[in-house]
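Remarks on the structure that follows.
Taken together, the values in this text are just the output of simple stated rules run on the coordinates, not laboratory data. Just so it is clear, the structure is predicted and the values come from calculations on it, not from any experiment. Virtual Cβ from ideal backbone geometry, glycine too; neighbours counted across all protein chains shown.
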Amino acid sequence: MNFVWFDYESSGSRVNTDQVLEGSIVLTDDRFKILEKKELRCRLKNNIVPSIGALLVNNISVETLQNAPLSHYQFVLENHKWFENFSPAYFTGYNVQGFDIEFYRRMLFKNLLPNWYQTNTNGNKIHDLLPHIRVAKLLNRNVVATKLNAKGNDSFRLADIAEINNFNHGDAHTSIVDCLNTIELAKRIKDVTPDIWQASLTTAHKRDTEALINKEKVFSTYEYFYSRARCFVNKYLFNHPVYNWAICWDLKQHPKDYLELDYSGLVNALQKAPKPIRTVKQNKNPLILSKDYGLKTEPYSEIGLNEIMERAKLLDENPKFVNSINSILEEQAQSKQDFDQNPLLHEETLYAGGINIPQSDKLNMKKFHEVDLKGKLSLVEKFTQERFSYFAKCILYEEYPKEELPETIYNEMHRHFAKRLTSLNNEKWETFASFYNELDNQRKKFEEDESKLQILEGYNNYVENMEKRFINA
Amino acid sequence: MAVRKYKPGSDKPYTVSRSRVQLFLDCKRCFYIQNRLGVKMPKMLPFKLNSLVDIKVKQSFDFAREKQEPHQYFKDNKYNLVPLKHEMIETWRENFQGLKYHHKESNLILQGAIDDCVQDLETKECSAVDYKSTQTENGDKVKYLGAPWHQSWKNQLSIYQYLLEKNELKISKNAFIVFCNAQLDDTEWDNKLNFDIQVIPYEVDIDWIEPTLLKIKELLETKHIPSYSEDTACDNCRNIKENNSLINSLIEKSLKYLKTGEAD
């Protein structure tokens, strides 16, 4: 299968309320031969305040924010079209699970393109290089050179890896360079640690991961915390009763130490470090290797295969104990859900709103992209879900000049965004106040750097002009 | 139905066609059943219309071969390659004949019939050509050869290119698919099909072929039938497995009835 390498540069890191500004898509075959390369740029929406931190990392100029060739809506349609053309494929990149995929899904969701699971349906799979390079480095120090950070740990920042390994594709943090650097890194993993590469592809879809876990039962997995990749030899127990993740027992803990505990004793014991319960998220492209890998590392190597399998057997022989763990996890999840009752913005309801979209809404979404302004306006109130009507109005507000829109829609949306952007509270989006606060911090940081100060001044002028449009709404 | 099968320990070279190599890659169990036990796989329905398109395209390549000029499809795609004139070309294009190569290490004869072969008259490099005809709404993206089933097309081209080289032709890194996609439109049927044609290059990978022949040989020599494929990748295996399990459960129920007189 082919690979679609992609990377976004955005106005900030809040996936629900920030927007993409630049994206690159590179299609390669399974031997990394480049078949197509697309670079897309779009203007900043008229209702988004950018994060200065993000802009300084991306090096996106005010000129680009104002004059890029595409509007955000056009960018999304174009991006969606290319992903469709390149399917089926592995959709891959560097930390795409944590950022780019989530960003892309919301781009589709908020722009009324109903197949927001495009990258993991119809034969598509999601693959992420970041967790795999961490494990590859753990198992083979020679896979790629890394810089060491202040604490003496390997730095897995793509920019650092590209620099120290002389990837030479250009300045990091432009989306095309990040894509090419990621491809370069993938070649290294495949060449030096082919077993890791192969294993990384076998869990690129939830269904495949589940099949693998069910087949292996006892296997090695890797987690990354406190700046280090760590190996676990796990026994699969069951799927989480609420979240459906694979719940496993870390076999370095002997189950006999837990079997005799009463229910509340078990609740406490499960929360104590080192935690015996490990979670494998099947849809996050986890690296799953045979137990032999883990048995080469401490403390599993000392425990030995026979003892490991005995412990696994003990769990199989105690279904009541396993059921108790299931109940504990269910109760904990329920109480967390009861606790998280804050109202959500429409932008935050991608997952909370359920995966089933009414057929009539789907049809209206399709029509919405095909018809002219008059047609679009007639569809706004036809959606059965309020969030879709809201997104339709957002697109109209962002895409069309005030003069072309009905006053009611323009005023409703303008006031809505004015209220958001002029808020003085700590919000889920960038406000004028948070922008100026960050600006002051950056000015202090770069007080000796004239060129940076000039760039900051440009962003300041841009946002000040923007603010004037909203201040008296 | 019995088919030719491999005899373990035999000195006689055993022929594996490129489609059997693909069967080996797809499902070791089915490959073994066919090649070692001699049980033929279920036949596919003949695709007569597709075959007819192949014949017509072949004929049109023959005209270009006669004139030693690039076929129009290749001209349209700016490939200055002409259909190869070679005394063996007819044999190489004939089913059950085709290109052959005796791989001595495995003592297997690899065989594959090409649809055609084109040559760069300057460099003398040759490229295998395979015609594919179908009807799909997603014709535009076929050129990326990204769907899982396109892997067998890539393997096919790689084997052809390997065989051409082993038959002492200088080969290009690229082989080609001539993809004929019948167009579906709203106009009234006038007894004609129109095709959108794409010439799709593929940079072949022949490194896997010889190691695969050795693995095939190893499997043919083994006494144990491979287990059912773990996933549902092989339709034949899945079908047989499910049928067997159904039959087994019926037998068990019948035995129970005979023993106890109780029926579920």
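Once you reduce region B:10-81 and region B:107-166 to the center of their Cα atoms, the two points are 9 Å from each other. Across 10 Å bins from the origin, how do the percents of Cα pairs in chain A run, short distances first? Taking every Cα pair in chain A, the percentages come to 4, 17, 25, 25, 19, 9, 2, 0. Pairs from the table (A:K38/A:K367; A:K33/B:K75; A:K393/A:K452; A:K33/A:K235; A:K33/B:K124; A:K110/A:K452) lying more than 30 angstrom apart at Cα are A:K393/A:K452; A:K33/A:K235; A:K110/A:K452.
Take the Cα gyration tensor of region B:1-112, multiply each eigenvalue by 5, square-root it, and list the three semi-axes largest first, rounded to whole angstrom.
Details: eigenvalues 234, 67, 29 Å².
Output for region B:1-112: semi-axes of 34, 18, 12 Å.
What the Cα atoms of region A:113-236 give is an Rg and a Dmax of 16.1, 46 Å. Distance from the Cα centroid of region A:166-200 to that of region A:331-399 is 37 Å (rounded to whole angstrom).
Among the listed pairs B:K67/B:K170; A:K362/B:K143; A:K313/B:K217, those with a Cα-Cα distance over 27 Å are A:K362/B:K143; A:K313/B:K217.
Computed over the alpha-carbon atoms, region A:52-170 gives an Rg to Rh ratio of 1.03, Rh here being the Kirkwood radius from the mean inverse distance. Between the helical axis of B:209-221 and the longest alpha-carbon principal axis of chain B there is an angle of about 30 degrees. Binning the C-alpha pair distances of chain B at 5 Å intervals from 0 yields a P(r) profile of 1, 5, 10, 14, 15, 14, 12, 9, 7, 4, 3, 2, 2, 1, 1, 0, 0 %, listed from the shortest bin outward.
With N set to the number of residues, divide the alpha-carbon radius of gyration of region A:1-111 by 2.2 N^0.38 Å and report two decimals.
Normalised Rg, Cα atoms only: 1.04.
Note on B:N194/B:I247: beta-carbon distance plugged into 1/(1 + (r/R0)^6) with R0 of 35 Å gives a FRET efficiency of 0.10. Treating the angle as unsigned and between 0 and 90°, give the value, to the nearest 10°, between the Cα long axis of helix B:48-67 and the longest Cα principal axis of chain B. Computed tilt is about 30 degrees. The fraction of all Cα pairs in region B:19-63 landing in successive 10 Å bins from 0 to the largest distance is 24, 30, 27, 18, 2, given as whole percents. Across peptide A:345-358, the mean count of Cβ atoms from other chains lying within 10 Å of each residue's own Cβ comes to 0. Its Kirkwood hydrodynamic radius, worked out from the mean inverse distance over all distinct Cα pairs, puts region A:130-194 at 11.9 Å.
State the three equivalent ellipsoid semi-axes of region A:307-421, derived from the C-alpha gyration tensor as the square roots of 5 times its eigenvalues, in descending order and whole Å. Provide the component values of the computation, followed by the final result.
Values: eigenvalues 481, 63, 25 Å².
In descending order, the three semi-axes are 49, 18, 11 Å.
Between helix B:150-166 and chain B there is an angle of about 60 degrees, using the helix long axis and the longest principal axis of the Cα atoms.
Of the peptides B:65-78, A:135-148, the ranking by mean beta-carbon count within 10 Å, highest at the top, reads A:135-148, B:65-78.
Counting only other chains, what is the mean number of Cβ atoms within 10 angstrom of the Cβ of each residue in peptide A:25-36?
Values: counts 0, 0, 3, 2, 8, 5, 2, 0, 2, 0, 4, 2.
Across A:25-36, the average partner-chain Cβ count within 10 Å equals 2.
Using Cα-only point scatterers and the Debye equation, what is log10 of I(q)/I(0) for region A:361-473 at each q in 0.11, 0.18 Å⁻¹, rounded to two decimals? At q = 0.11, 0.18 Å⁻¹ the computed log10 ratios are -0.52, -0.93.
Overall size of region A:416-468 from C-alpha positions, given as principal axis extents largest first: 38, 21, 12 Å.
Would you calculate a helix-derived [θ] at 222 nm for chain B, using -39,500 (n - 2.57) for each DSSP H run of n ≥ 4 and dividing by the full residue count, to the nearest 500?
Values: 8 runs with 102 residues, N = 264.
That comes out to -12000 deg cm²/dmol.
For region A:250-325, how big is the tail of P(r) above 13 Å, as a whole percent of Cα pairs? Don't jump to the answer; show the numbers that get you there.
On the way: 2040 of 2850 pairs.
Considering region A:250-325, 72 percent of its Cα-Cα pairs are separated by more than 13 Å.
Projecting label points 7 angstrom from Cα along Cα→Cβ for A:K362 and A:D191 puts them 4.5 nm apart. Of the GluC sites (Glu not before Pro) found in region B:189-264, those in coil by DSSP whose Cβ has at most 15 other Cβ atoms within 10 Å are B:E230, B:E262.
Annotation: aspartates and glutamates with alpha-carbon distance below 12 angstrom to A:K428 (same-chain offsets under eight excluded): A:D18, A:E347, A:E348.
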